[in-house]
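Take a look at the structure below.
The values are calculated or read from the model by the stated rules, or taken from the named source; none is laboratory data. Owing to the predicted nature of the structure, the values given are computational and were not obtained by experimental measurement. Every residue, glycine among them, receives a Cβ derived from its backbone with ideal geometry; neighbour counts consider all protein chains shown.
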Amino acid sequence: MTRAALRSLVRDYAQESSTTPLSDALIHDLLHQGEEVLTDLCGYSVAKFTIAFVTNDFDYDLTSGILAIQSVAWNSTAANKEPVSGPTTLQRMDEEFPTWRWDAADRPERWWILGNVLLVHPKPSATYNATNIEIYSTNVPAAMSGDSSEPTDLPVRFHRTLAKYAAWQWLSIDKENPSALRLAAMFQAQFQYDAQKLRELISGRARTDGMGIRVHTGRPSSLGSVLGNVPDEPD
């Protein structure tokens, strides 16, 4: 769904046709906030990027949009992708390799995260200068940039989930309105249900088909075993 369609849906869910006080800009912000929350919960937005090793440098800045590192490998001097063991932790490094800060430069063999910095040990020697670290990570998706744009990486069946999130957040503000609070609770439950389904989808892909579309190997014995207790959609 486009941003324009999602914005209209939020207004329907929230029963707010006027742009005062629920402005378009606020809806756009709530939709993107929903994207951030969903990808944090479910890890659906994945990207690969590279960083070049620098001789004697054991720390490398990461972009601020990264949520979680999934895998680290590097292009060896033979141009092969070789996994780097990790993640470890700073505490474990201090306990198991107390001299890691001044150990001689060599082939990096382990990695860990400290804030927005990726650290490796040992620090790369001149032999490995300019060979690339390859990182797969889950990221904060880019915000929809215009009314014709759609959510980045989010499967189509979950686009409405963003509108549910926005409606939940908006309606929960009105603490003195029982009807608004009931609607907010309903959309919260639906958002949480959708998030669980999305997490199961992503987990299933990771187990069976990498980052591609899932392949079903069997069918459930009944529809009820799939649907469970599905919250009602609003009228």
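Would you say T77 is of a type in the set (S, T, Y) and in a loop (DSSP other than H, G, I, E, B)?
yes
Just the residues that are surrounded by fewer than 19 Cβ atoms within 10 Å (Cβ to Cβ) and not basic (K, R), please, taken from the range 181-194.
Listed by number, the residues that qualify are L181, A185, Q188, A189, Q192, Y193.
Among the residues of the range 1-33 satisfying the criterion of being among the β-branched types (V, I, T) and within 17 Å of A184 (Cα to Cα), which is nearest to the chain's Cα centre (by Cα)?
Result: I27.
Restricting attention to the range 76-96, which residues are surrounded by fewer than 15 Cβ atoms within 10 Å (Cβ to Cβ) and among the β-branched types (V, I, T)?
T77, T89
Within the range 97-142, restricting attention to residues that are in contact (Cβ under 8 Å) with a residue 60 or more places away in the chain and closer than 30 Å to R3 by Cβ, which residue is surrounded by the fewest Cβ atoms within 10 Å (Cβ to Cβ)?
Among those that are in contact (Cβ under 8 Å) with a residue 60 or more places away in the chain and closer than 30 Å to R3 by Cβ, it is Y136.
So how many residues does the range 17-35 have that are part of a helix (DSSP H, G or I) and either surrounded by 15 or more Cβ atoms within 10 Å (Cβ to Cβ) or touching a residue at least 24 places away in the same chain (Cβ under 8 Å) (or both)?
Qualifying residue count for the region: 9.
Which pairs turn up if I take residues in the range 36-57 that are within 14 Å of T161 (Cα to Cα) and look for partners that are in a helix (DSSP H, G or I) with beta carbon separation below 6 Å, at least 6 apart in sequence or on another chain?
L41/A195; C42/L198; C42/R199; C42/I202; Y44/I202
Residue by residue, here is whether (1) touching a Pro at 6+ places or on another chain (Cβ under 8 Å); (2) modelled with pLDDT under 95; (3) not aliphatic (A, V, I, L, M) holds:
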{"position": "D103", "(1), (2), (3)": "yes, no, yes"}
{"position": "Y128", "(1), (2), (3)": "yes, yes, yes"}
{"position": "Y136", "(1), (2), (3)": "no, yes, yes"}
{"position": "M144", "(1), (2), (3)": "yes, no, no"}
{"position": "D147", "(1), (2), (3)": "no, no, yes"}
{"position": "E150", "(1), (2), (3)": "no, no, yes"}
{"position": "R157", "(1), (2), (3)": "no, yes, yes"}
